[in-house]
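What follows draws every value from the coordinates through simple rules; no lab data is involved. Here the structure is a predicted model, which means the values were calculated and not measured. For neighbour counting, all protein chains shown are included, and Cβ atoms are generated from backbone atoms with ideal geometry for every residue, glycine included.
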Amino acid sequence: MVRDPEFPTSLDRDDIAVDGNKLGAQSPIYLMLNKPRGLVTTASDERGRDTVYRCFDGALLHGAPLPWIAPVGRLDKASEGLLLFTNDPQWAARITDPETGPRKTYHVQIDRIPDAELLAALRHGREHDGERLGALEARLLRAGEKNAWVEIVLDEGRNRQIRRLLGAFEIETLRLVRVAIGGLVLGELPKAQWCALDEVDVRSVGI
């Protein structure tokens with residue numbers, strides 16, 4: 001009997017059982033969730049806040065309960081939109097790699113109407129708290145009387161990067177929605193709903 005959880009094993013060579021139940025290789029699962037605002041991206045929260053796993057309560061995949069899945073990266077509590085989940089840690093690591101991961105596209109509502117000069121400044125970036133922050137792309141989507149929606153594309157995923165970038169220009173973020181990771185688009189998936197990704201979807205992420 002082996003009690004070391006890090007003991008090296010091979011499913012091709014070893015028979016592995018827990019409490020007499022034989023284990024086999026688990027099929028990879030890839031899911032996309034339209035995360036609502038107000039949920040934290042963690043399995044459990046020490047402050048008792050609702051987490052993104054609430055969206056999977058009672059969930060079935062192919063008629064069976066979902067196995068263990070983990071979020072790929074994160075969206076903060078106030079952010080919403082496309083959030084991936086998987087049981088494939090290698091795929092998740094490629095997506096979250098700050099140097100080789102795919103581009104991530106966000107639609108952001110801000111508290112002003114940006115002109116071409118401000119959008120160029122967001123692309124150029126600015127030093128903030130000793131860190132250079134900038135957007136790969138920034139363009140105006142639509143404008144109202146006092147606020148506007150802009151599209152911001154990042155090629156890395158630093159913590160709260162967009163909110164900190166906008167804050168460096170004294171711009172308030174009113175809403176922040178991730179709409180795409182690589183070529184995978186959130187589309188019309190309803191809020192708080194999830195769907196399984198097929199092979200074409202998985203490849204569209206672009207890693």
### Summary
Taking only Cα atoms of segment 29-77, the Rg to Rh ratio with Kirkwood Rh works out at 0.96
### Task
Grab the Cα-Cα distance for S27 and D57, subtract it from 0.36 nm times how many residues apart they are, and report the gain in nm with one decimal.
8.7 nm
### Value at 222 nm in deg cm²/dmol, rounded to 500, when DSSP H runs of n ≥ 4 in the chain each add -39,500 (n - 2.57)
-4000 deg cm²/dmol
#### Entry: Under Karplus coefficients 6.51, -1.76 and 1.60, residue-wise ³J(HN,Hα) of segment 186-194 in Hz, glycine/proline x
4, x, 9, 4, x, 4, 6, 9, 10
### Query
So, with +1 on the Cβ of K and R and -1 on the Cβ of D and E, and no other charges, what is the size of the charge dipole of the chain about its Cα centre, to the nearest 20 debye?
600
### Query
Taking only the alpha carbons of segment 104-181, what extent do you get along each of the three principal axes, in Å, biggest first?
34, 26, 19
### Query
Three principal axis extents, largest first, for the C-alpha atoms of the chain, in Å?
66, 38, 34
### Message
Just to be sure I understand: of the beta bridges DSSP finds with both ends in the chain, what percent are antiparallel, rounded to 5?
### Response
95
### Query
Does a label point 7 Å from the Cα of D155, set along Cα-to-beta-carbon, have any residues of segment 66-106 with amide nitrogen under 15 Å, and which are they?
97-105
### Summary
Between the alpha carbon centres of segment 162-207 and segment 41-65 the gap in Å comes to 19
### Summary
Answer in debye to the nearest 20: the dipole magnitude of segment 104-181 about its Cα centre, from +1 Lys/Arg and -1 Asp/Glu charges placed on Cβ, is 280
### Message
Over the chain, with a Gaussian network built from C-alpha contacts below 10 Å, which listed residue (R178, R132, R112) shows the highest mean-square fluctuation?
### Response
R132
### Task
Starting from the Cα-Cα distance between E170 and Q193, subtract it from 0.36 nm times their residue separation and give me the gain in nm to one decimal.
4.9 nm
### Max mean-square fluctuation residue, GNM over the chain, Cα-Cα springs under 10 Å, options G101, G58, G157
G58
### Top positive-direction residue, dipole computed over segment 104-181 with Cβ charges, set L165, L154, I113
L154
